[in-house]
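The values are calculated or read from the model by the stated rules, or taken from the named source; none is laboratory data. Being a predicted model, the structure only gives us computed values, none of them experimental. Here the Cβ positions follow ideal geometry from the backbone for every residue, glycine too, while neighbour counts run over all protein chains shown. Protein only, heavy atoms only, side chains kept; ligands, DNA and RNA dropped before computing areas. Shrake-Rupley method; radii C 1.70, N 1.55, O 1.52, S 1.80 Å.
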Amino acid sequence: MDAKSLVRTPLANLVDPRNRIMTALRSPEHEPNRTRIRQLFEAPEAGDELIAMGHMFVTEHGGSIRTFTGNLGHENGWWPSFKRQRLQYWEGMSQRAYLMAREVDHNTRWAQSEAVRFEFPLEGRWRRYTSDVKVQMIDGSIAIVEIKRNVRDLDDEDYQLTLAGVAEICRRCGWSFRIVFADEIFASRHHRDNIELFQSRRFARVGPEHLRRLEAFAMLQGQDSTYGDLAEVLEPDFPPAGKAVLQALLIRRRVQMDLTSLLHEEAPVHIV
């Protein structure tokens with residue numbers, strides 16, 4: 001057989017350790033319960049359930065614990081988020097890409113990079129872990145997300161144990177813990193291009209006149225339209241500016257679009 005006709009699959013792609021990490025320390029007798037998260041200054045009540053499994057640390061202002069300003073040997077920096085209304089510090093292009101994806105996701109209330117530090121004892125020593133991203137969804141659920149380039153970044157078994165400890169702490173507190181690989185952030189090249197475009201308009205001006213036009217259109221024509229038509233409704237004299245407003249409205253969760261498809265004039269838009 002001609003070697004050129006063969007498809008090569010790295011063995012690392014066939015072995016995904018994430019499920020093993022998530023379940024390694026799972027204790028079925030401990031059901032998820034958000035009341036397990038307690039401030040250090042709260043007076044503990046009697047009961048074995050209040051014995052500390054570990055500690056979480058956050059900043060007083062709710063921002064990033066670790067900050068990056070370009071003084072490292074690899075890509076890093078900061079990126080302002082409209083949803084979070086503060087700077088997001090990122091280390092590695094995958095973390096930056098994930099923050100942009102959360103910015104345009106309709107079900108995400110906000111995402112905060114480097115937000116939570118966990119310290120806990122495991123296997124005879126204290127372990128420290130700082131989350132890549134903390135995500136709060138519209139339904140109130142919270143996820144701690146670790147972003148990796150690929151499965152090979154999880155080769156170290158001791159590091160896997162640390163992640164397993166974080167996963168179990170999160171589970172017991174009613175949070176979820178996820179490990180996301182870089183190639184899972186975007187569904188396609190079109191998806192990436194659309195996310196980069198829409199997030200770039202996150203601070204575009206949305207005036208009261210735009211909201212009036214949007215609401216009047218929805219009342220008269222219904223909640224479903226197209227990308228080109230709605231852009232013309234928002235800015236009748238200059239539809240390209242209307243597209244910028246429409247993109248900003250998606251960040252504000254006033255409209256919904258499927259960003260995984262090729263963007264064109266007839267792309268469906270749903271007014272929320």
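Residue under question is D224, and the condition is that it be at negative phi, within 18 Å of the chain's Cα centre (by Cα) and at pLDDT 95 or above; does it hold? Talk me through it step by step, then tell me what you get.
On the way: at negative phi: yes; within 18 Å of the chain's Cα centre (by Cα): no; at pLDDT 95 or above: yes.
The answer is no for D224.
Filtered by the rule that a residue be hydroxyl-bearing (S, T, Y) and either within 23 Å of G165 (Cβ to Cβ) or crowded, with 21+ Cβ neighbours inside 10 Å (or both), region 105-137 gives S113, Y129, T130, S131. The set of residues in region 89-104 that are touching a strand residue (DSSP E or B) at 6+ places or on another chain (Cβ under 9 Å), open to solvent by 40 Å² or more (accessible area, probe 1.4 Å) and closer than 15 Å to F186 by Cβ comprises R96, R102.
Out of curiosity, is V145 touching a strand residue (DSSP E or B) at 6+ places or on another chain (Cβ under 6 Å), assigned to a strand (DSSP E or B) and surrounded by 14 or more Cβ atoms within 10 Å (Cβ to Cβ)?
Values: touching a strand residue (DSSP E or B) at 6+ places or on another chain (Cβ under 6 Å): yes; assigned to a strand (DSSP E or B): yes; surrounded by 14 or more Cβ atoms within 10 Å (Cβ to Cβ): yes.
So V145 passes the test.
The single condition from (1) crowded, with 18+ Cβ neighbours inside 10 Å; (2) out of contact with any helix residue (DSSP H, G or I) (no Cβ under 8 Å at 6 or more places or on another chain); (3) touching a residue at least 40 places away in the same chain (Cβ under 8 Å); (4) assigned to a loop (DSSP other than H, G, I, E, B) that F68 fails is (3).
Among the conditions (1) open to solvent by 40 Å² or more (accessible area, probe 1.4 Å); (2) part of a loop (DSSP other than H, G, I, E, B), the only one that R152 does not satisfy is (2). Residues considered: E123, E119. Of these, the only one that is in contact with a strand residue (DSSP E or B) (Cβ under 7 Å, 6 or more places away or on another chain) and of a type outside the set (V, I, T) is E119.
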